[in-house]
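I am attaching a structure below and will ask some questions about it afterwards.
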Amino acid sequence: MDVVIPWLPSMARGLQTTLWLATVVLVSSSLIGAIGGLAIVNGPRPVRWFLRGYVDIVRGIPILVLLFTVYFGSSAFGSGLDQGQAAIVALSIFAGAHMTEIVRGGIGSLPRATVEAAEVIGLTSVQRLRLVVAPLVLPRILPPWVNTAVEIVKATSLASLIGVIDLLYATNSAIGTAKHPIAFYLTAAAIYFVIGAGLSRAGALAERHYRYHEY
Amino acid sequence: MGYTFNWTIVFTYLPQFAQGLLLGLGITFLSLAIGSLIGLGGAAISQAAGPGRPVVRGYVEVMRNVPILLWAYFAYYGLPQLGIGFLDNNWSFILALSLYAGAYLTEVFRAGLAAIPRRYGEAAMSIGLRRHQRIGLVTLPLMFRIVLPSLSNTFIGLFKDTSVAAALAVPEVTFVAQKVNQDTFRVIEAWSIAALIYLVVGYVLAIGLRRVERRLQVVR
């Protein structure tokens with residue numbers, strides 16, 4: 001494992017990129033999911049059809065194909081996106097579809113009576129969302145949201161294939177000079193594992209904290 | 001902003017796309033088969049509550065939290081360092097995907113075993129079936145039917161994961177699209193064909209598997 005130590009700083013820089021990419025995508029896809037999920041339930045019919053198509057098409061295409069399509073496809077039109085931008089766009093499109101489906105499922109699992117009761121007592125649509133729907137739906141969608149966050153972290157590794165210098169790219173270029181692939185790959189695997197297992201653990205703790213409402 | 005489509009050049013690559021698709025499906029089937037064996041073993045060990053349990057737990061957690069691309073590199077570039085140099089890129093990827101699938105399938109089968117009502121095992125015991133008969137005639141058929149929907153999802157997920165094999169130059173659909181992209185610069189055409197292949201094949205598989213599920217559904 002000694003061979004790895006001199007390369008840890010460059011792997012740490014790669015890790016920074018991985019974490020940054022994952023964070024940006026987690027935020028953007030959560031926004032897409034929140035808006036898309038609400039619109040797919042309450043929106044006008046054409047919007048619902050469009051979102052249904054978006055979710056079903058994106059979920060049927062491998063992330064890597066989506067990534068290559070965005071990266072090479074954008075270059076067919078003028079200067080195109082750089083590697084980092086393409087990765088953000090492609091991963092956001094991918095994760096946004098999953099998030100939309102998660103939010104839709106969460107809202108769909110609310111008993112009709114709850115929403116109707118909120119209407120009957122005269123809450124406005126904003127109040128219903130803020131006071132009734134959000135507090136009930138958010139704890140429910142926490143577990144799949146955390147799963148998607150882990151999937152996003154894993155999916156960022158594919159960005160190394162279009163030249164984003166993330167953890168996996170940094171690992172590969174270290175191996176190019178230092179050899180010893182096993183030691184390097186195991187180190188990188190350990191880092192990915194800690195991030196993923198950490199997220200899952202944090203999610204499980206949060207879930208226990210918010211599980212005040214069972215019915 | 002001008003981009004003129006030219007499908008005729010790209011269509012000459014259709015036989016290569018078709019071959020790539022067959023290779024991708026082959027990799028998916030093999031990985032699912034090997035992964036299912038691993039998953040059955042893992043689930044059996046998990047249920048037995050022996051010392052093997054934390055080992056299986058660790059295997060599942062480690063495989064699931066680390067990207068498949070890293071495991072593919074590990075199998076292809078790492079294993080020769082351990083003297084395992086006889087795997088070419090195709091087999092390296094199949095090995096990686098099988099172990100990856102094995103982790104997910106361990107969870108699937110574990111949940112399936114847990115979902116079998118106790119009374120089935122007790123009924124099998126009371127009519128005098130032996131242990132291997134109980135497993136072969138009662139437990140496994142019931143579990144298989146319970147896990148079938150999850151199994152179909154895993155299958156389709158694996159099919160999409162075969163795209164990652166392009167990183168090892170395995171000539172499946174994504175790799176063919178890359179090649180077309182480089183050879184002809186018909187960027188949009190190449191990638192929309194690849195996306196369409198995954199989309200259509202994935203949905204055809206999903207519809208077919210739903211039909212099988214409905215036929216085999218356990219009457220509960």
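Looking at the stretch B:44-55, is at least one residue away from every other protein chain (no Cβ under 14 Å), under 30 Å from A:Ala76 (Cα atoms) and either free of Cβ contacts under 8 Å to residues at least 40 places away in the same chain or over 15 Å from the mean Cα position of the chain (by Cα) (or both)?
For the stretch B:44-55, residues away from every other protein chain (no Cβ under 14 Å), under 30 Å from A:Ala76 (Cα atoms) and either free of Cβ contacts under 8 Å to residues at least 40 places away in the same chain or over 15 Å from the mean Cα position of the chain (by Cα) (or both): absent.
Another question, then. Do we find that B:Val212 is more than 11 Å from every other protein chain (Cβ to nearest Cβ) and part of a helix (DSSP H, G or I) in this structure?
Numbers: more than 11 Å from every other protein chain (Cβ to nearest Cβ): yes; part of a helix (DSSP H, G or I): yes.
When the stated conditions are applied, B:Val212 passes them.
Residues checked against (1) within 11 Å of chain B (Cβ to nearest Cβ); (2) of a type in the set (Val, Ile, Thr):
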site: A:Trp145; (1), (2): no, no
site: A:Lys154; (1), (2): yes, no
site: A:Val164; (1), (2): no, yes
site: A:Leu168; (1), (2): yes, no
site: A:His180; (1), (2): yes, no
site: A:Leu186; (1), (2): yes, no
site: A:Ala202; (1), (2): no, no
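Considering each residue of the stretch B:159-179, count those that are more than 10 Å from every other protein chain (Cβ to nearest Cβ), buried (at least 24 other Cβ atoms within 10 Å of the Cβ) and in a helix (DSSP H, G or I), and give that number.
We begin by selecting, within the stretch B:159-179, every residue more than 10 Å from every other protein chain (Cβ to nearest Cβ); these are B:168-172, B:175-176, B:179.
Add one more test, that the residue is buried (at least 24 other Cβ atoms within 10 Å of the Cβ), and what stays is B:170, B:172, B:176.
Next, only the ones that are in a helix (DSSP H, G or I) stay: B:176.
So the count comes out to 1.
Which of the residues belonging to the stretch A:68-89 are part of a helix (DSSP H, G or I) and within 11 Å of chain B (Cβ to nearest Cβ)? Outline the logic, then answer.
As a first pass, look at the stretch A:68-89 and keep what is part of a helix (DSSP H, G or I): A:68-75, A:83-89.
If the condition is that a residue be part of a helix (DSSP H, G or I) and within 11 Å of chain B (Cβ to nearest Cβ), then A:Phe68, A:Thr69, A:Val70, A:Tyr71, A:Phe72, A:Gly73, A:Ser74, A:Ser75 are the ones that fit.
From the set of residues in the stretch A:188-200 that are within 8 Å of chain B (Cβ to nearest Cβ) and of a type in the set (A, V, I, L, M), which is nearest to the chain's Cα centre (by Cα)? Lay out the reasoning, then the answer.
Just the residues of the stretch A:188-200 that are within 8 Å of chain B (Cβ to nearest Cβ), to begin with: A:188-189, A:192-193, A:195-197, A:200.
Applying the additional criterion that residues be of a type in the set (A, V, I, L, M) yields A:188-189, A:195, A:197.
Values: A:Ala188: 20, A:Ala189: 19, A:Ile195: 14, A:Ala197: 16 Å.
Per the criteria, the residue is A:Ile195.
Within the stretch B:180-193, is even one residue part of a helix (DSSP H, G or I) and under 18 Å from the mean Cα position of the chain (by Cα)?
First, the residues of the stretch B:180-193 that are part of a helix (DSSP H, G or I): B:180-184, B:187-193.
When the remaining residues are screened for being under 18 Å from the mean Cα position of the chain (by Cα), the result is none.
The answer is no; no qualifying residue exists.
Search the stretch A:35-49 for residues being surrounded by 15 or more Cβ atoms within 10 Å (Cβ to Cβ) and of a type in the set (A, V, I, L, M, F, W, C), and hand back the single one that is nearest to the other protein chains (Cβ to nearest Cβ).
Here the answer is A:Ile40.
Scan the stretch B:183-194 and report the pairs whose first residue is in contact (Cβ under 8 Å) with a residue 40 or more places away in the chain and at the interface with chain A (Cβ under 7 Å from one of its Cβ atoms) and whose second residue is part of a helix (DSSP H, G or I) and among the β-branched types (Val, Ile, Thr), with Cβ atoms within less than 9 Å and a gap of 6+ or a chain change.
Filtered contacts from the stretch B:183-194: B:Ile188/A:Thr69; B:Ala194/A:Val65; B:Ala194/A:Thr69; B:Ala194/B:Val173; B:Ala194/B:Thr174; B:Ala194/B:Val176; B:Ala194/B:Val180.
Filtering the stretch A:168-215 down to residues that are assigned to a helix (DSSP H, G or I), hydroxyl-bearing (Ser, Thr, Tyr) and more than 19 Å from A:Thr156 (Cβ to Cβ), which residue is modelled with the highest pLDDT? Explain how you work it out, then say what you get.
Our first condition is that a residue be assigned to a helix (DSSP H, G or I); within the stretch A:168-215, this holds for A:168-178, A:181-210.
The next check asks that each one be hydroxyl-bearing (Ser, Thr, Tyr); those that pass are A:169, A:171, A:173, A:177, A:185, A:187, A:192, A:200, A:210.
Next cut, more than 19 Å from A:Thr156 (Cβ to Cβ) only: A:177, A:210.
Working: A:Thr177: 91, A:Tyr210: 77.
Only one residue fits best here, namely A:Thr177.
With the requirement that a residue be more than 11 Å from chain A (Cβ to nearest Cβ) and buried (at least 21 other Cβ atoms within 10 Å of the Cβ), what does the stretch B:76-95 give you?
Result: B:Ser92, B:Phe93, B:Ile94, B:Leu95.
Surrounded by fewer than 19 Cβ atoms within 10 Å (Cβ to Cβ) and either modelled with pLDDT under 95 or under 30 Å from A:Gly198 (Cβ atoms) (or both): which single residue out of B:Tyr13, B:Tyr73, B:Tyr59 fits that description?
Values: B:Tyr13 fails: surrounded by fewer than 19 Cβ atoms within 10 Å (Cβ to Cβ); B:Tyr73 fails: surrounded by fewer than 19 Cβ atoms within 10 Å (Cβ to Cβ).
Criteria check complete, one pass: B:Tyr59.
Which of the numbered conditions does B:Gly85 fail, given that it passes all the others? Conditions: (1) out of contact with any Pro (no Cβ under 8 Å at 6 or more places or on another chain); (2) part of a helix (DSSP H, G or I); (3) of a type outside the set (Asp, Glu).
Of everything listed in (1) out of contact with any Pro (no Cβ under 8 Å at 6 or more places or on another chain); (2) part of a helix (DSSP H, G or I); (3) of a type outside the set (Asp, Glu), B:Gly85 misses just condition (2).
Further question: For the stretch B:13-20, does any single residue satisfy the condition of being away from every other protein chain (no Cβ under 13 Å), over 23 Å from B:Pro141 (Cα atoms), of a type in the set (Gly, Ala, Ser) and part of a helix (DSSP H, G or I)? Quick ask: steps written out before the conclusion?
Within the stretch B:13-20, the subset away from every other protein chain (no Cβ under 13 Å) is B:13-16, B:18-19.
Now restrict to residues that are over 23 Å from B:Pro141 (Cα atoms): B:13-16, B:18-19.
If we keep only those that are of a type in the set (Gly, Ala, Ser) as well, we get B:18.
Keeping just the survivors that are part of a helix (DSSP H, G or I) gives B:18.
Yes, there is a match, as at least one residue in the stretch B:13-20 is away from every other protein chain (no Cβ under 13 Å), over 23 Å from B:Pro141 (Cα atoms), of a type in the set (Gly, Ala, Ser) and part of a helix (DSSP H, G or I).
The values are calculated or read from the model by the stated rules, or taken from the named source; none is laboratory data. Model, not experiment: these values are computed from the prediction. Neighbour counts run over all protein chains shown; Cβ positions are idealised from the backbone, glycine included.
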